[in-house]
Amino acid sequence: MRMMRIALRSLRVRWVSLLGAFTALALGVAMTAVMLLGLATAVSWPGGGGEAMVSLVAALGTAGGVSAFVSAFVVASTFAYAVAQRRRELGLLRLAGATRAQVRLAVLAEALVVGAVASAAGCVLGRLGAPAAVRWLTEVGMAPPGFTVDQRTWPLAAAFLTGLLVALGGVLVAARRAGRLGPLDALRSADLDTGVMTTGRWIWGLGLLAVAAGLIGSALLTDPVGLLHRKTYTVRPMVLVSACGLLAPALARPLLRLLGRLPARLSRWSGRLMRENAAAAVRRTGAIAAPVLVSVALTGSLAGAVDTVSASRTAEARARTGADFVLTPGTDTPSTDTPGTDTPGTDTPGVGRPGLVESLRTLPGAVVSPTGPTRLALVEPDGNAVRSEARTADPAALAGVARLPVVAGSVAALTDDGIVLPLEWGHRAVGDPVPVVLADGRRVTLRVAAVLRDGLGDNGLYVTAANAPGSRTDRIDVRSAPGSDRVSLEAGLRATAARFGARVDTRERWLAATAPANGRTARLRIVLVLGLALTYTGIALVNILAMATADRRRELALLRLTGATRTQVVGLVTGESLLVVAVGALLGCAVAAVQLGAMNAALALLGSPPPLVLPWRPVGAVTAACLLLAAPGAALAALRTLRPRPVDAARG
């Protein structure tokens, strides 16, 4: 109880310094509450919701995980710096008779109080904000129509407990270090910034780097596709961010030397002082750089991952589409002069209407390849049937139009007894038997006619129409034969397609129309995931700047006494803060570069075109936002710190 009273008394005095941690934790708990409320409702939602429900669950799960990580990271860095600032106070407690355990309990008690209040506030925000969040998700198509959040209590209780665990987990290391200092050591080192990179910090930082390298290396060797999955490209940056956060004091010095050259040239006195101050106060530098690091790293990693996968899918589709024209279902009504093989008024889609393919094949120079969707299941050696999407194909036409990434066999060799499949289905050799369950439940054994590279999983399986009961053509690829008149062919295609109610697009137009849809949901998910996380890291940045500047009262007063004007001191503090923000942004860019480099290596191993995607816009926007927050935040904090007379501040 005595330590609890000390903790409460300390919080009353220093509550402003923990405002950033409080806000981050409250918003993190609010996001966790929204996630749990949404997931709890989704589990019992009638009808399942289809793809929209799957997208909702994925978005909420990712957002909750990232939110918990960012809030824990911000809480840990804020408490670590707050405890470091209180070394003199903690030393006095030790001199007054407090034991190491009591000092640790006092720090943990502060975290418990902050965590309890912030978690309660977060639960209230989550309950009030969940309906609005779900409405937005429904409007953008990430939740099924009519989806509403149930009024349950257990998700709020779980979110509250999560907040407490995050608060206590974030302060454990800081509390342990606070209790490890002896009274004389604490007093002697109170004004010195030494011993930041402890042995434990080196071990954990380098260990996490080794873990990240191991995860990337093992995935490249065994499962390159796994590196492109949403779960892995969300989790992997967290490991790298944690490692860089621990090693930030050591990594900051060389970066500060590099970045500090420009201000040192622009202003010989203040520029050098900015650089040397930031390099000497590595604890302060690391605390300010931490929220910038996590913001830039997550933005660059997640936005870059989405763009990389989307660009690679587009490049892959472009590489394997050899058609000059693509026919898809249109909205035009078939005319009454449709050939007799077609019955006007039928509900068959335009490209699937009887007679269309035959009419297209009569056009001079047209190589026509119709395909349609079907579902089948491949029976694994253990007896499990794995369902998958497949497409029907005319083997000769498919081989003449498509440019599939064949590694063995030939697509033209596909027959009613054969199947074309990617390598991921067991690296089967040509001619191997494959037990298959067709869409109507029949079990047949097909022979491998060709094996394709995996790519991004869009190469798919191909069978003939005989093994696709109920399948209807939904796409017709048409290529002009060598030496034929493409202009005349296009005119004939459009005239024929108009009679059947089909739509004709050129290859480029079709690729452009289908590619953007692949990334829309993913980008909306990124907005959801990063929105709140970036908000409370920004708040934490301003809060830590205020803490760090207030702690420099005596240093700034001495600068004033040596002749520096108020404007010069404010400019010095502001410039130093911007320099540290730039260091954090560089570290975040390094994390994003590792992430995107691993994804490009995986794409190269999969045989998919690895595009060079640099997410400059989102990274630049987040970095600019951090700079715009840091400049006025540091300037206002410096002005507030300079209010007392320099003599009075220097004496204290």
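The values are calculated or read from the model by the stated rules, or taken from the named source; none is laboratory data. All values derive from a computational prediction rather than experimental measurement. Every residue, glycine among them, receives a Cβ derived from its backbone with ideal geometry; neighbour counts consider all protein chains shown. All accessible areas refer to the heavy atoms of the entire protein, side chains included, with ligands and DNA or RNA removed. Shrake-Rupley method; radii C 1.70, N 1.55, O 1.52, S 1.80 Å.
What to note about this one:
- Sequence ranges 163-170, 507-514, ranked by mean other-Cβ count within 10 angstrom, highest first: 163-170, 507-514
- The length gained on full extension between residue 440 and residue 617, counted as 0.36 nm times the residue separation minus their Cα-Cα distance, comes to 58.8 nm.
- Region 76-144 - Debye-derived log10 I(q)/I(0), Cα point model, q = 0.13, 0.20, 0.24, 0.25 Å⁻¹: -0.58, -0.86, -1.02, -1.06
- Subtracting the Cα-Cα distance of residue 258 and residue 415 from their residue separation scaled by 0.36 nm leaves 50.1 nm.
- Rough spin-label spacing in nm, given labels placed 7 Å along Cα→Cβ, for residue 102 and residue 229: 5.2 nm
- Using distinct alpha-carbon pairs, which all enter the 1/r mean, Kirkwood radius of region 524-652 in Å: 17.2 Å
- Per residue convex hull volume, Cα atoms of region 395-484, in Å³: 110 Å³
- Calculated FRET value between residue 485 and residue 361, using beta carbons and R₀ = 22 Å, to 0.05: 0.85
- Applying 1/(1 + (r/R0)^6) with R0 = 25 Å to the Cβ-Cβ distance of residue 465 and residue 495 gives a FRET efficiency near 0.40.
- Size estimate for region 435-504 follows the Kirkwood approach: the inverse of mean 1/r over distinct Cα pairs works out to 15.8 Å.
- Inter-label distance for residue 203 and residue 408, nm, one decimal - labels placed 7 Å from Cα along Cα-to-Cβ: 4.8 nm
- Most tightly packed first, judged by the mean number of other beta-carbon atoms within 10 Å of their residues, the peptides 579-591, 312-324, 295-307 read 295-307, 579-591, 312-324.
- With both labels modelled 7 Å from their Cα along Cα-to-Cβ, the residue 511 to residue 139 distance reads 3.6 nm.
- Rounded accessible area of residue 447 (nearest 10 Å², 1.4 Å probe): 120 Å²
- Accessible-area composition of region 521-576, carbon plus sulfur, in percent [1.4 Å probe]: 60 percent
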